[in-house]
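Just below is one structure, and these are the notes that go with it.
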Amino acid sequence: MNSRLLLILSLLFLVSRASAEDAVGAPVQPKQYADTAIYQGMSIKLDIAMPILELARSAGKVQDYEMALNVRLAKRFYPTLELGYAIADVTADGGHYSGQGGFMRLGMDLSALKKGVGENCLMVGLRFAGAYQGFQIIDVPVYGDYWQMPNTNYYNQHKFDCWGEIVAGCQVQIWKGFQMGWYVRLKLLFTRTDKQGDALPAYLPGFGYRNDTNWGINYFLGYKF
């Protein structure tokens, strides 16, 4: 009886020891739901390209700041919200233009890498954007049929503009949750005229100088939560 009890206890000890060694030595497996879950994190990004470019291009007469928030869904889809604010104090149409206002872009990016490489990806996407600002234009020359009329001033003007964008870029993880990347943007202005015949702003926050089309670039630093 004692020998059987000793044998059983010995077997139980060996089994428990083997189980403990397996538990300690086995590599930790990643949670499977992390690969199949629809929601896979959120990133906040700050653009550093536009403030530097405008400082070099306009000597600080134009200031453009923006940040972005995107969510990663099912590895490949990135719903994106971009917010910003711009100030311009430039010469335009022969007069002096000054204005400031905010802008917002809303859209979706799609990773061009079907399987994805961790947090690194190439992206293409679309945006719908709008900007609202207050502005004034002083000393605008007005020409009649034969001679120049007295200069005109436009004070306390307000305008909403909207446009669409086609974007392409990349995103890489540089350390733990920290990210960096860039965007190139083709911008197509929708509000090209004003039916009321009022003055039009020379610079649109988030879009740039008023043209039918514009190009833009962003270089951002971000963090994924």
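Just so it is clear, none of the values below were taken in a lab; they were calculated from the coordinates. None of these values were measured; they are calculated from a predicted model. Here the Cβ positions follow ideal geometry from the backbone for every residue, glycine too, while neighbour counts run over all protein chains shown.
In whole Hz, with x marking every Gly and Pro, tabulate ³J(HN,Hα) for the stretch 179-186 from phi via Karplus 6.51 cos²θ - 1.76 cosθ + 1.60, θ = phi - 60°.
10, 8, x, 8, 10, 10, 10, 9
Once you have a ≥ b ≥ c as the square roots of the Cα gyration tensor eigenvalues for the stretch 31-224, tell me rounded if a/c is under 1.5, and otherwise prolate or oblate according to whether a/b is larger than b/c.
prolate
HN-Hα J couplings of the stretch 124-131 from phi, Karplus 6.51/-1.76/1.60, θ = phi - 60°, integer Hz, Gly and Pro as x?
Rounded to whole hertz, the list is 10, x, 10, 9, 10, 10, x, 9.
Counting Lys +1, Arg +1, Asp -1, Glu -1, what net charge surrounds LEU189 among other residues with beta carbon under 11 Å of its beta carbon?
0
From the backbone phi of the stretch 79-89, what are the Karplus-calculated ³J(HN,Hα) couplings (6.51 cos²θ - 1.76 cosθ + 1.60, θ = phi - 60°) in whole Hz, Gly and Pro given as x?
x, 10, 10, 10, 10, x, 8, 9, 10, 9, 9
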